[in-house]
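*Asks:* Encoded as structure tokens, here's the structure I'll be asking about.
The values are calculated or read from the model by the stated rules, or taken from the named source; none is laboratory data. Note that the coordinates shown come from a computational prediction; the quantities given were computed from them, not determined experimentally. Methodologically, a virtual Cβ is constructed for each residue, glycine included, from the backbone with ideal geometry; neighbour enumeration extends over all protein chains shown.
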Amino acid sequence: MNKSACCAGPLLIVALAAPLPVFPLPVCQQEASESSVGDVGRGVNDLLCLTCTRRANARIFSLIQTHRTAAASAQAEYEPLTVKQKFTIAFKESTDPGTFILAAGIGAIAQAKDSNPSFGEEFRGYSHYASTKYADYVIGDLVREGIFPSLLRQDPRYFRRGTGSGWSRLVYAARQVFWTRSDSGRMGFNYSQIAGGAAAVAISAAYYPESRDGRAAANAFEAQIGAHIASNVMKEFWPDLQRTFLRKRQRNRP
């Protein structure tokens, strides 16, 4: 059984399952949860809130940005994003320092594996690997969070659940790759994420000469979906992990 067949089953189950309902948190839980993930409520769509990176845990492991993350209460009084706000999220994600660092790191790994021999070796080859990986991120952010959500009138954000069992939240986080809100507030299939991801893979074939066959494209698309599921899971549980680390640190203080 090849890699594609192994991955297709679990992804299909998650994709076809109906989205979990999201219930508003009690006020005390909302305040505790939302204070750790950014500004929420009636000011949630303010560009200054959307793009804020100075709050306490705006980054996961001080590297991965969370511009696309919205707190649970943002769903209680849902307000759709404007086209400008959608493109602002895409711009902020693609120009975030963490994106450059990830591109540099993944580029180094790809060079070590000699993933694309035509890129060459040494620093010249590495710069080619890093720049093409950064191009992947920029194109992906633009089509999945700017162009497609604007054209299809869908919301590109990840909405934290912040409550419930660990398993239910895990499934909820994975499901948001396949189900999202439309600008009308209704839940529906996440065409922006799936079609946008497919478009990004197709565009990348222009600068990956060794990856222009169907199998390579399918593997790249599956890897992209898996990365976004992992990203959603980290965004869902990161505030909980931070609170756990903080409590342990406080207990260990003399």
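*Asks:* Could you list, in sequence order, all residues of the stretch 233-243 that are free of Cβ contacts under 8 Å to residues at least 24 places away in the same chain and charged (D, E, K, R)?
*Replies:* So in the stretch 233-243, the residues free of Cβ contacts under 8 Å to residues at least 24 places away in the same chain come out as 240-241.
240 - this is the single residue of the stretch 233-243 that is free of Cβ contacts under 8 Å to residues at least 24 places away in the same chain and charged (D, E, K, R).
*Asks:* Does any residue of the stretch 97-119 turn out to be at positive phi and of a type outside the set (A, V, I, L, M)? Let's see the steps before the verdict.
*Replies:* Taking the stretch 97-119 and keeping what is at positive phi, we get 114.
If we keep only those that are of a type outside the set (A, V, I, L, M) too, we end up with 114.
Among the residues of the stretch 97-119, at least one is at positive phi and of a type outside the set (A, V, I, L, M), which makes the answer yes.
*Asks:* Hey, could you check the stretch 171-191 for residues that are touching a Phe, Trp or Tyr at 6+ places or on another chain (Cβ under 6 Å) and either part of a helix (DSSP H, G or I) or farther than 19 Å from residue 226 by Cβ (or both) and say which is modelled with the lowest pLDDT?
*Replies:* If we take residues in the stretch 171-191 being touching a Phe, Trp or Tyr at 6+ places or on another chain (Cβ under 6 Å) and either part of a helix (DSSP H, G or I) or farther than 19 Å from residue 226 by Cβ (or both), then 185 is modelled with the lowest pLDDT.
*Asks:* Of (1) of a type outside the set (Phe, Trp, Tyr); (2) touching a residue at least 60 places away in the same chain (Cβ under 8 Å); (3) on the phi < 0 side of the Ramachandran plot, residue 151 satisfies all except one. Which?
*Replies:* Answer for residue 151: the failing condition is (2).
*Asks:* Still on this structure, please answer the following. Please find, among 230, 202, 223, the residue that is out of contact with any Ser or Thr (no Cβ under 7 Å at 6 or more places or on another chain), over 18 Å from residue 143 (Cβ atoms) and free of Cβ contacts under 8 Å to residues at least 24 places away in the same chain.
*Replies:* Working: 202 fails: over 18 Å from residue 143 (Cβ atoms); 223 fails: over 18 Å from residue 143 (Cβ atoms).
None of the others qualify; the one that does is 230.
*Asks:* Hey, another quick one. Just give me the residues in the stretch 205-217 being surrounded by 16 or more Cβ atoms within 10 Å (Cβ to Cβ) and more than 15 Å from residue 118 (Cα to Cα), in sequence order.
*Replies:* Within the stretch 205-217, the first condition is being surrounded by 16 or more Cβ atoms within 10 Å (Cβ to Cβ), and the residues that meet it are 208, 211, 217.
The one that is surrounded by 16 or more Cβ atoms within 10 Å (Cβ to Cβ) and more than 15 Å from residue 118 (Cα to Cα): 217.
*Asks:* Mind telling me which of the residues 131, 115 ends up being in contact (Cβ under 8 Å) with a residue 12 or more places away in the chain, surrounded by fewer than 18 Cβ atoms within 10 Å (Cβ to Cβ), in a loop (DSSP other than H, G, I, E, B) and hydroxyl-bearing (Ser, Thr, Tyr)? Before the answer, list the steps.
*Replies:* Details: 131 fails: in a loop (DSSP other than H, G, I, E, B).
Exactly one of 131, 115 is in contact (Cβ under 8 Å) with a residue 12 or more places away in the chain, surrounded by fewer than 18 Cβ atoms within 10 Å (Cβ to Cβ), in a loop (DSSP other than H, G, I, E, B) and hydroxyl-bearing (Ser, Thr, Tyr), namely 115.
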